[in-house]
Amino acid sequence: MARLETFYEVMRRQGITRRSFLKYCSLTAAALGLGPEFAPRIAHAMETKPRTPVLWLHGLECTCCSESFIRSAHPLAKDVVLSMISLDYDDTLMASAGHQAEAILDEIIRDYKGNYILAVEGNPPLNEDGMYCIIGGKPFVDQLRYVAEHSKAIISWGSCASFGCVQAARPNPTRATPVHQVITNKPIIKVPGCPPIAEVMTAVVTYMLTFDRIPELDRQGRPKMFYSQRIHDKCYRRPHFDAGQFVEHFDDEGARKGYCLYKMGCKGPTTYNACSTIRWNEGTSFPIQAGHGCIGCSEDGFWDKGSWYARLTDIPQFGIEANADQIGLTVAGAAGAAIAAHTAVSALKRAQHKGE
Amino acid sequence: MSETESPGRLIVGPFNRVEGDLEVQLELGAGQVTSARVNSPLFRGFERILEGRSPLDALVIVPRICGICSVSQSMAAVSALEALAGAAPPPNAVIAREIMRAVENLGDHLTHFHVFFMPDFARAAYAGRPWFPLVEERFKAAAGSAVREAVTARAGLFHVFGIMGGKWPHTLTIQPGGVARALDARDKVRLGAIITAFRHYLERSLFGAPLEAVLALSDLDALDAWRAQGPEGNFRLFLEIAHDLGLRGLGRAFDRFLSYGAGPGAGAGTWRDGAGGDLDFGRIAEDHSFARMTGRDRRHHPFDGSTEPDGADEAGYSWCKAPRLGGLPFETGAIARRLVAGDPLVEALALRDGGNVESRVIARLLELAREVERIGSLVRQLEVKGDWHVETRLPDEGRGLGVTEAARGALGHWLRVEGGRIAAYQIIAPTTWNFSPRDSDGVPGPLEKALEGTPVADGERVPAAVQHVVRSFDPCMVCTVH
């Protein structure tokens, strides 16, 4: 390979105009919460840096992450990001089939050794030597290890790759295992959610490709810019929670008035994600806006924590008389406890890894 | 890594641009496929995971079987729970759910045609054909102009799920007794506008003509005329390709079809030997002879079924069980729905050459036109002041069958509850029917049968015709084995 193409060259080749390109740069800056002065920096990076290939692998999964991704809000952003990555390897979208497709993997690994990003949708099942997910005649876990070995970093798309998700629910028949428990020597960016929000996915990829670095992560390995607030913190129904106005049944008077869904089992108070700000399906809505509580699908273990329709019992209850300040205090206390619990769990996990 | 060749044998896989993983083993002779074995290599164990849980948990777990048919899975689960409870949701809820189900199907048909099926005709092997430049410009994978347009149109259409479901995939508002979201007059107007915009897209890009003209197609002569001098659009382009390559001579299976009936009022039925008939759910059974599952001694009715993987099983070559109706394999999908509904054009196509690559795709495109019309009228039937949900208590004991039509065909959930917990949950998905392995009589599944006789050129390692046949079923492998 003579010279590696830049992102800009790739986009031009895909028929994206200069004007659209600049617009995309400023949109990206905005999506990432950066000031307008960052747009020229993104443009410069994309014009000068060699393109970083993204290899997108599918393990045990339902393809909901890909489905979410291809409906990202701004058609331009989606086009650009798609044209960056579909050039490489993705089961669902690419043109070639069979051995041609597998050959592309080998080629990228050879030409971009240590300089490509591996995106994983789904996870490897480890029972029966991995035979519950066979790709091209071999267990997916082998393909994952093979491609991961020379990657620069790994993106774990969705709750499957990040934490295990419903296929890892008791009794976890296939021993579906999150990526970070199989690959332990690479930086892993977790983008949980079932699926993750499209705009979060494109923004994470764009950030990594343009700035050539990993976004700042929290203790669980999630990008802070999207996972540092609870659904509850920015929920538009929050005033009803504070006022003690709750939905008791679907389609009751409270439901029609848009009251809080806490008593319907909403997990918004313990779920860290951006649904209540970015929203879904190009910003039209999110589950709470459609009258159903949050099920906490971006939280580790959400599949085995008891009923999705039972109210949370680990945050204190308040009556109508409680004032907003008192409520705010108790909720902050509960959040503090939740974070402490997370910390303890991660510390445990780290200890386990050291022991291995 | 993907194909191993020995004289007379070819293994094709993994397939790209299908939902999930798939591997097909072909025996070759005299330039064609003599027999085929279809392997679904991905197993997760959803039926086992559901056992012992609260029945309501199914509402969260079941849609996650599939990221593209999630609403259909929710619909089947809710129908099973309502059958268990003997609940009757209010008319608004029935209509609202039906809109969501039908919209998801439309999105899948659109994706199938543009993203999964047509790009195969942009392969270099077809470079000499008169239609090739047009196909390459419009359908080259991920970059073709029609592909981009379709992805954008679908994203716009799926605003319906934003309004009615809060989120897609894995929508939560479909609940036993109704829907969680009561729509107001403003929502109703927005839904109407979204459907109209999608209709305009279809008329402009896919058909190049008003939908009324497409729906008026009722016999083979009219279809031929459309191919010869019809309006410029991707529908006509496909008809030209199908004619040029003889796609109607490719991929014929048993010509036995079943549908559970799309939408309220549309009944379940079969179509075989050139005529419609009843469907008896009591005569559905699954055979495990060539599935890597225990329970090979007899066929199981789904209320009495089991899902216990048996890794030591040497005879089994797929995780997929073999569903049979009255002991026979049946095909399902858009073509089956159109036939059971008595669509004259699809019936004429099936009477001439059965189910094949061409007729399956035409049935899907005709359904796109018909369903957009129907969804528009469903939206108008919503009474915003009416009820959307009735309180529904689930009994601690009992069973329920929930059926629906996913884009790819008949989807059924068989639920048994004991002591307030799920005692058994069996799912038969559309591609389970279509891509089933052989049964104890040695009878192949529909795709296995359809592949027999498919031409394979000398030295062709990824045979184009095999790709067309496989994709004509629009497989959803993550649903097939769950």
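Only one residue in B:SER35, B:SER70, B:SER79, B:SER74 is out of contact with any helix residue (DSSP H, G or I) (no Cβ under 9 Å at 6 or more places or on another chain) and either buried (at least 23 other Cβ atoms within 10 Å of the Cβ) or modelled with pLDDT of 95 or more (or both), so which one is that?
When all the criteria are applied, what remains is B:SER79.
With the structure loaded, tell me whether A:PHE241 is in a loop (DSSP other than H, G, I, E, B) and either at pLDDT below 95 or not charged (D, E, K, R) (or both) or whether it fails that test.
Criteria not met by A:PHE241.
If only one of B:ASP313, B:ASP297, B:ASP280, B:ASP287 is under 27 Å from B:VAL94 (Cβ atoms) and acidic (Asp, Glu), which one is it?
Unique residue meeting the criteria: B:ASP280.
Just need a number here: residues in region B:231-246 that are of a type in the set (S, T, N, Q) and either surrounded by fewer than 19 Cβ atoms within 10 Å (Cβ to Cβ) or part of a loop (DSSP other than H, G, I, E, B) (or both).
Of the residues in that region, 0 qualify.
Pairs needed: first member in region A:35-64, more than 14 Å from every other protein chain (Cβ to nearest Cβ) and over 30 Å from B:SER72 (Cβ atoms); second member anywhere, part of a strand (DSSP E or B) and among the aliphatic types (A, V, I, L, M); C-beta distance under 8 Å; at least 6 residues apart or different chains.
That search, which allows pairs on different chains as well, returns A:THR52/A:ILE117; A:PRO53/A:ILE117.
Failed condition for B:LYS188, given (1) assigned to a helix (DSSP H, G or I); (2) charged (D, E, K, R); (3) crowded, with 19+ Cβ neighbours inside 10 Å; (4) touching a residue at least 40 places away in the same chain (Cβ under 8 Å), with all others met?
(3)
Tell me, which strands (runs of 3 or more DSSP E) lie completely within region B:247-334 with 3 or more residues that are under 28 Å from B:MET100 (Cα atoms)?
Ranges flagged: B:257-259, B:269-272.
Of (1) over 17 Å from A:ASN281 (Cβ atoms); (2) part of a helix (DSSP H, G or I); (3) of a type in the set (Gly, Ala, Ser), B:ALA182 satisfies all except one. Which?
(2)
Being more than 10 Å from chain A (Cβ to nearest Cβ) and of a type outside the set (Val, Ile, Thr) is the filter here; which residues of region B:11-39 pass it?
Residues satisfying the conditions are B:LEU22, B:GLN25, B:LEU26, B:GLU27, B:LEU28, B:GLY29, B:ALA30, B:GLY31, B:GLN32, B:SER35, B:ALA36, B:ARG37.
Name the one entry in B:THR392, B:THR404 that is within 14 Å of chain A (Cβ to nearest Cβ) and among the polar types (S, T, N, Q).
B:THR392 is the lone residue from the list that is within 14 Å of chain A (Cβ to nearest Cβ) and among the polar types (S, T, N, Q).
Could you list all residues from region A:254-275 that are within 11 Å of another protein chain (Cβ to nearest Cβ) and within 15 Å of the chain's Cα centre (by Cα)?
Passing the criteria: only A:CYS275.
Would you confirm, using the coordinates I've provided, whether A:GLU282 is outside any loop (DSSP other than H, G, I, E, B), within 13 Å of chain B (Cβ to nearest Cβ) and acidic (Asp, Glu)?
no
Could you grab the pairs with beta carbons closer than 6 Å, sequence gap of 6+ or different chains, first residue in region A:1-24 and farther than 14 Å from A:PRO53 by Cα, second one polar (S, T, N, Q) and modelled with pLDDT under 80?
Between residues of region A:1-24 that are farther than 14 Å from A:PRO53 by Cα and residues that are polar (S, T, N, Q) and modelled with pLDDT under 80, the close pairs are A:GLN14/A:SER83.
Say whether the condition of being surrounded by fewer than 22 Cβ atoms within 10 Å (Cβ to Cβ), more than 8 Å from every other protein chain (Cβ to nearest Cβ) and assigned to a loop (DSSP other than H, G, I, E, B) is met by at least one residue in region B:146-160.
No, region B:146-160 contains no residue that is surrounded by fewer than 22 Cβ atoms within 10 Å (Cβ to Cβ), more than 8 Å from every other protein chain (Cβ to nearest Cβ) and assigned to a loop (DSSP other than H, G, I, E, B).
Please go through region A:44-81 and pick out each residue that is basic (Lys, Arg), at pLDDT below 80 and closer than 20 Å to A:ILE108 by Cβ.
A:ARG51
The values are calculated or read from the model by the stated rules, or taken from the named source; none is laboratory data. Keep in mind that this is a model prediction, so the values were computed, not measured. FYI the Cβ positions are ideal-geometry reconstructions off the backbone, even for glycines, and counts take in every protein chain you see.
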